[in-house]
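Peer 1: Handing you a structure now.
The values are calculated or read from the model by the stated rules, or taken from the named source; none is laboratory data. In this text, all values refer to a predicted model and were calculated from it rather than measured experimentally. Don't worry about glycine lacking a Cβ; one is built from the backbone with ideal geometry, like all the others, and counts go over all protein chains shown.
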Amino acid sequence: MTKASKKVRSEKEENMKLKPLALGIALGIVWGGALFVTTWISYYTGYGKLFLEVLAQSIYPGYTISPIGSFLALIYGFVDGLIMAALIAWIYNKIAKV
């Protein structure tokens, strides 16, 4: 393998890596936003109430289907999404090296 081909291979491997923090922030925004919007929809219409009661109330302490609960869900969802996506990206990067 020549020096130039090693450099190209190294650049390709670097491009295939996921950035854990960037993916974490993106998924945190999406998951936190989804919980926030779903809470408000459920608060006004009752739609998604079962989902929120089963999932969110059992996972996120203090969460309720209320205006205050929507902001709590936004924070919980952001932190949850950030941690999980960063962990997934980190694991992917470790496996992709093999």
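Peer 1: Picking from Leu21, Leu27, Leu50, Leu72, which residue would you name as being part of a helix (DSSP H, G or I), at pLDDT 95 or above and surrounded by fewer than 15 Cβ atoms within 10 Å (Cβ to Cβ)?
Peer 2: Leu21
Peer 1: Kindly provide the set of residues from region 30-47 that are surrounded by fewer than 20 Cβ atoms within 10 Å (Cβ to Cβ) and small (Gly, Ala, Ser), ordered by number.
Peer 2: Answer for region 30-47, where residues must be surrounded by fewer than 20 Cβ atoms within 10 Å (Cβ to Cβ) and small (Gly, Ala, Ser): Gly33, Ala34, Gly46.
Peer 1: Just the residues that are farther than 15 Å from Leu18 by Cα and of a type in the set (Phe, Trp, Tyr), please, taken from region 53-93.
Peer 2: Tyr60, Tyr63, Phe71, Tyr76, Phe78
Peer 1: Scan region 58-72 for residues that are in contact with a Leu (Cβ under 7 Å, 6 or more places away or on another chain) and within 15 Å of Tyr44 (Cα to Cα) and jot them down.
Peer 2: Ile65
Peer 1: Sticking with this one: Which of the residues spanning region 53-69 are within 17 Å of the chain's Cα centre (by Cα) and surrounded by 14 or more Cβ atoms within 10 Å (Cβ to Cβ)?
Peer 2: Leu55, Ala56, Tyr60
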